[in-house]
Amino acid sequence: MSKSLVIGFGNVYRQDDGVAFVLINAVRERLGRPPFGMDDDGFDDLGHEVDTIVLHQLVPELVDLVAPYDLILFLDAHVGAIDVLIYEEELDACFKSATVSHQLHPCTVLALVEQMHDRAPRGVLISVRGYEFEFGEGLSEQTAAIVPDAVERVMALLDEPAPS
C-alpha cells in the first residue's frame, strides 16, 4: 500500500497565498476528515494512507517526516509569472533556490530525502494562480474560483496507482 502526503504551504494571512490551506481542507473533506482550524498544522493527525499538513514554508526539518511517503504533493500559490491557472510540475530531486517567501523549494526537500534516507518519493507541485497577496484573510474571487479544479487534480493524483 502506498502512502501519500499532501503538504500545503503559504501564509493564510496574505490572502491568496493561503490557497493551499483552502485546498488542504477541501481534500480533507473529500477524505471524510474534519477541516483544519487556522492554528492546525496536521502533525497530530498523521498515520493515514493519505496524510495532510499545512505549513507557512518548507523547512529542512521536514525531511525525516516526508521520507517514508511514496507520493508527496506540494500545494502552493503562484503570482502569475506562470501563464496558467493551475501549474503542475513533476519534481525531480534537485537543489534549487526557493522563492523569496519560502525557505526551501519542494525539489530540494526531495533531494534531501534522497541524500539522507536513500529513498526517492515521487513529488508533484500543484501551484494555483493567486491575485491578491496583501495582508488579510480569505481568497480573492478569482483564486477561489480555481479551487474546485485544483482539488479535482489533487484527488486524481492521489487515486493514481502506485508504480510497481
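The values are calculated or read from the model by the stated rules, or taken from the named source; none is laboratory data. What you see is a predicted model, and the numbers here were worked out from it, not measured in a lab. Cβ sites come from the backbone with ideal geometry, for glycine too, and all protein chains shown count toward neighbours.
I'd like the residue in region 1-42 that is of a type in the set (Lys, Arg) and assigned to a loop (DSSP other than H, G, I, E, B) and, out of all such residues, is nearest to the chain's Cα centre (by Cα).
Taking the candidates together, the pick is 3.
I need a count of the residues in region 1-18 that are aliphatic (A, V, I, L, M) and either at pLDDT below 95 or touching a Gly at 6+ places or on another chain (Cβ under 6 Å) (or both).
Going through region 1-18 one residue at a time, the tally reaches 2.
Can you name the residue in region 50-68 that is touching a helix residue (DSSP H, G or I) at 6+ places or on another chain (Cβ under 7 Å) and not in a helix (DSSP H, G or I) and is also surrounded by the fewest Cβ atoms within 10 Å (Cβ to Cβ) among such residues? Step through it out loud before you land on a result.
Keep residues of region 50-68 that are touching a helix residue (DSSP H, G or I) at 6+ places or on another chain (Cβ under 7 Å), which gives 50, 52-54, 58, 60, 62-63, 66-67.
After this cut, where a residue has to be not in a helix (DSSP H, G or I) as well, the list is 50, 52-54, 58, 60, 67.
Details: 50: 21, 52: 26, 53: 20, 54: 24, 58: 20, 60: 12, 67: 17.
Restricting to residues being touching a helix residue (DSSP H, G or I) at 6+ places or on another chain (Cβ under 7 Å) and not in a helix (DSSP H, G or I), the top hit is 60.
Among the residues of region 120-161, what is the count of those that are assigned to a loop (DSSP other than H, G, I, E, B) and surrounded by 15 or more Cβ atoms within 10 Å (Cβ to Cβ)?
Within region 120-161, residues that are assigned to a loop (DSSP other than H, G, I, E, B) and surrounded by 15 or more Cβ atoms within 10 Å (Cβ to Cβ) number 7.
I need a count of the residues in region 21-49 that are crowded, with 19+ Cβ neighbours inside 10 Å and touching a residue at least 60 places away in the same chain (Cβ under 8 Å).
Selection size over region 21-49: 3.
Please determine whether any residue of region 90-101 is aromatic (Phe, Trp, Tyr) and in contact with a strand residue (DSSP E or B) (Cβ under 9 Å, 6 or more places away or on another chain).
No, because not a single residue in region 90-101 is aromatic (Phe, Trp, Tyr) and in contact with a strand residue (DSSP E or B) (Cβ under 9 Å, 6 or more places away or on another chain).
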